[in-house]
């Protein structure tokens, strides 16, 4: 099946609302008390205790999708499962490819236990560097080569799509879009922004979307904004801009803290689930094709339940 055929099978592109999960790592650390070196959740796939913790995390979101009558984009726990971060945790390339495949198998098996919920198995690719700071950059071709390990693993495991999460600059996003096309999977591109509504690289959201589209022939099926509070980016969504229609997903933080403040925080700021739900309702008035809703740092199933209830009422 080619990418175009795969795109046509993604149910969230035509559904009014699809949910996804919240802040996986913050939930595991602050609510479940699990130590995650380098904020990496993927090693949990390889232990009985870890899989139980992941199951306990995901099941409330599947219940939300069932109760609200939506489908779910079911993410793999692989945000840190790339070569550099994996090496820090003792994984070589073969072991990383295998754990990315097992992470995909895990969400597939979990979804099979919820036959009333339509799942989309989503292979998550995180940035090579920090999710908040640009740091050392790659060219688009270098990024495509670097992220090919995960992309090929997801394709081999039968994932439905790939999503980049918390990307901070354009060239790395272009690379992921290119390698996703190479392995035949649809791709969504997720950017994070600072409190000024710009990517950490200084690029505006519109400039980033237009640059990736221009470089890839509009290959991404959609774009996502994640890991920022709505107040950090709602002012950057230019009224009437054509690129607004390319943003079909938002996974916001519950906290209004900046990335720098979140890095220093020793306690979890959950914000207010009902206020966040109201923020999403306002975002839906600005973003004409917002369909996929979830959360990021500090959010849990209570936030997603409030958002899903607000948008499906």
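The values are calculated or read from the model by the stated rules, or taken from the named source; none is laboratory data. All values reported here derive from a predicted model rather than from experimental measurement. Don't worry about glycine lacking a Cβ; one is built from the backbone with ideal geometry, like all the others, and counts go over all protein chains shown.
Look through 110, 89 and report the one residue that is over 20 Å from residue 56 (Cα atoms), in contact with a helix residue (DSSP H, G or I) (Cβ under 9 Å, 6 or more places away or on another chain) and surrounded by 15 or more Cβ atoms within 10 Å (Cβ to Cβ). Write out each step before concluding.
Values: 110 fails: over 20 Å from residue 56 (Cα atoms).
Testing whether each residue is over 20 Å from residue 56 (Cα atoms), in contact with a helix residue (DSSP H, G or I) (Cβ under 9 Å, 6 or more places away or on another chain) and surrounded by 15 or more Cβ atoms within 10 Å (Cβ to Cβ) leaves just 89.
Take residue 174 and decide whether it is part of a helix (DSSP H, G or I), under 27 Å from residue 260 (Cα atoms) and touching a strand residue (DSSP E or B) at 6+ places or on another chain (Cβ under 6 Å).
Working: part of a helix (DSSP H, G or I): yes; under 27 Å from residue 260 (Cα atoms): yes; touching a strand residue (DSSP E or B) at 6+ places or on another chain (Cβ under 6 Å): no.
The answer is no for residue 174.
Determine if the stretch 240-247 includes at least one residue that is under 29 Å from residue 217 (Cα atoms) and at pLDDT below 95.
yes
Could you please find all residues in the stretch 189-198 being buried (at least 23 other Cβ atoms within 10 Å of the Cβ) and either in contact with a helix residue (DSSP H, G or I) (Cβ under 6 Å, 6 or more places away or on another chain) or in a loop (DSSP other than H, G, I, E, B) (or both)? Break it down stepwise before answering.
Quick first cut of the stretch 189-198, residues buried (at least 23 other Cβ atoms within 10 Å of the Cβ) only: 189-193.
Across the stretch 189-198, the qualifying residues are 189, 191, 192, 193.
Give me the helices (runs of 4 or more DSSP H) completely within the stretch 199-313, filtered to those with at least 1 residues that are closer than 29 Å to residue 31 by Cα, ordered by residue number.
Numbers: elements: 205-216, 230-233, 259-264, 273-286, 301-312.
Fully inside the stretch 199-313 and qualifying: 230-233, 259-264, 273-286, 301-312.
Kindly list the number of the only condition in (1) surrounded by fewer than 24 Cβ atoms within 10 Å (Cβ to Cβ); (2) over 21 Å from residue 77 (Cβ atoms); (3) in contact with a helix residue (DSSP H, G or I) (Cβ under 6 Å, 6 or more places away or on another chain) that fails for residue 152.
Of (1) surrounded by fewer than 24 Cβ atoms within 10 Å (Cβ to Cβ); (2) over 21 Å from residue 77 (Cβ atoms); (3) in contact with a helix residue (DSSP H, G or I) (Cβ under 6 Å, 6 or more places away or on another chain), only one is false for residue 152: (2).
Considering only the stretch 111-146, state which residues are touching a strand residue (DSSP E or B) at 6+ places or on another chain (Cβ under 7 Å) and either without any contact (Cβ under 8 Å) to a residue 40 or more places away in the chain or outside any loop (DSSP other than H, G, I, E, B) (or both).
In the first step, residues of the stretch 111-146 are kept if they are touching a strand residue (DSSP E or B) at 6+ places or on another chain (Cβ under 7 Å); the result is 111, 117-127, 131.
Scanning the stretch 111-146 gives 111, 119, 120, 121, 122, 123, 124, 125.
Looking at 228, 265, 252, can you tell me which residue is farther than 27 Å from residue 17 by Cβ and either surrounded by 16 or more Cβ atoms within 10 Å (Cβ to Cβ) or out of contact with any strand residue (DSSP E or B) (no Cβ under 6 Å at 6 or more places or on another chain) (or both)? Quick ask: steps written out before the conclusion?
On the way: 228 fails: farther than 27 Å from residue 17 by Cβ; 252 fails: farther than 27 Å from residue 17 by Cβ.
None of the others qualify; the one that does is 265.
Which one is surrounded by the most Cβ atoms within 10 Å (Cβ to Cβ) among residues in the stretch 236-247 that are closer than 19 Å to residue 214 by Cβ and touching a residue at least 24 places away in the same chain (Cβ under 8 Å)? Even if it seems obvious, please write down each step before you answer.
Step one: filter the stretch 236-247 for residues closer than 19 Å to residue 214 by Cβ, giving 238, 241-247.
This time we only want the ones that are touching a residue at least 24 places away in the same chain (Cβ under 8 Å), so: 238, 241, 243-247.
Numbers: 238: 13, 241: 13, 243: 17, 244: 19, 245: 14, 246: 22, 247: 25.
By that ranking, first place goes to 247.
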